[in-house]
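Single-structure report; data block below.
Derivation of every value follows stated rules applied to the coordinates shown; laboratory data play no part. Computed from a predicted structure; not experimentally measured. Every residue, glycine among them, receives a Cβ derived from its backbone with ideal geometry; neighbour counts consider all protein chains shown.
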Amino acid sequence: MDTYISKIDLRNYRSCNKTSVELNQNLSALIGVNGSGKSNFLNGLLLLKKMARIPRHTPDEEFAQSICKVKATFIVEQKPLPLDAVIKYTTNELNFDQVMSATQTWNFKEFTGENNPVKLPMSRFFEFREFRKFSFLEKKPRELTENEWRFYISRSYEALSGSSVPFDPKQLNIIVNIFEKIYDFVTGISYYSASQFTDPSKCPTYFEIENEKVLRRPGRDWNEHQRFMFDLYWAYKNPKSKFIEFLSIVGNEGIGLIDTIKFDEIEVPTNVYEVGIGGKVISKEIKKLLVIPNFIIHSFKLSPNQLSEGTFKTLAIVFYLVTDTSRLLILEEPEVCIHHGLLSSILELIKVFAREKQIIISTHSDFVLDGLDPENVFVVRNDLKMGTTIKHIPDALSARDYKALKEYLKASGNLGEYWRHGDLEK
């Protein structure tokens, strides 16, 4: 993987008083009892994404602001890029964090050769891209004169940091290219909670499309179930998508969850009226497309809201595993609402796709542990003094106990049983 997070340190964030974790490049699984801090840690990871999209409006005074510190080490092109951030955020009644401001200090020493930390806010990078896109200097760097190049670099850095440029053009060009990879990685982080996709009754039986845009069904709130249907439809329509691969996994050639998925499309003409100058009424006919998703199971045609919770959630998880292009995917409690037989298949898929992207899951399930290697598992505890602590199994056990665990697994036991007996809690 070209970019991933190798280490993250959370200070004074919820139960994460001093939580430091060195994550795996591929798959990391967090196991711990309720209240140990698994969700808090995952939400702490999401602060990285929220730092890149800080709102411009003033914070709602109804919610008090909290301050935490986040240190992270990204690996980009096989080199470490440290981040040191101080974050101010609010938490609303739904337990949702919103980052209000973040001081971000980066050190590009491994890329530029100079130990010169700089303050670069990710939230300004979109503006920087727009500046670079519409800049009148659209020549390639090698075609610019020295003065043009220095002017362009100076304006680029100012667009990013809001201050004058402290680097020579060559160094800054390296920094910008690396920072762009970090920005794409962080803004693309995907998070799927335990409660998502667990109530198919919230799914629409149809939706409307006008000019290739999805229209919300009147009287229904936007939710994850609708989003899944829309994403599924666009993948179905896009020949370059991975819809066929997804269907081969969930269909009869794979885990046999369904036979196939079809979308009926019905054109519906609609008249729209506008009142022009002088009170003249103008009528326009707009053609809308009524899209009806159908899931075929044992030759029966079912609407999405007729599917069982386990079937619906399994379809959603597999779909996003296959089609999500993010480089970091966070999946909370994949075992919720899913039968052990299907869960085994999902775990195997997670391990396969973890070869292509960094995946972090949390779980309460010893059955999930049965499908994982100790090297992929991290034990989460809530210490009265330290708060949430997260230890990699090889580090959580003594060398002697870890050797005994490996022998136990090799002989006849499994990791879930080892967890049930409390041997990981020593």
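Observations, loosely collected:
- With a threshold of 22 Å on the Cα-Cα distance, the over-threshold entries among Lys50/Lys313; Lys49/Lys313; Lys38/Lys69; Lys38/Lys351; Lys7/Lys351; Lys202/Lys351 are Lys50/Lys313; Lys49/Lys313; Lys202/Lys351.
- Length released on extending from Lys284 to Glu114, taking residue separation times 0.36 nm less the Cα-Cα span: 54.9 nm
- Calculated on alpha-carbon atoms, Rg and Dmax of segment 226-328 in Å: 18.8, 64
- Protection proxy ranking, highest mean first, for peptides 28-34, 38-44, 1-7: 38-44, 28-34, 1-7, where packing is the per-residue count of other beta-carbon atoms within 10 Å, averaged.
- In order along segment 245-261, the phi-based Karplus estimate (6.51 cos²θ - 1.76 cosθ + 1.60, θ = phi - 60°) of 3J(HN,Hα) comes to 5, 4, 5, 5, 7, 8, x, 5, 6, x, 7, x, 6, 9, 7, 6, 10 Hz; Gly and Pro are listed as x.
- Treating r as the C-beta distance of Ser6 and Ile296 and R0 as 45 Å, the FRET efficiency rounds to 0.55.
- Charge context of Ile361, other residues only, Cβ under 9 angstrom, K/R +1, D/E -1: -2
- Rg/Rh (Cα only; Kirkwood hydrodynamic radius) as it applies to segment 1-40: 1.01
- Derived scalar couplings ³J(HN,Hα) [segment 344-358; Karplus, 6.51 cos²θ - 1.76 cosθ + 1.60; whole Hz; x for Gly, Pro]: 4, 5, 5, 4, 5, 5, 4, 5, 5, 6, 6, 6, 9, 8, 7
- Straight Cα distances below 22 angstrom link Lys170 to the lysines Lys79, Lys109, Lys119, Lys133, Lys139, Lys140, Lys181, with same-chain residues fewer than 8 positions distant left out.
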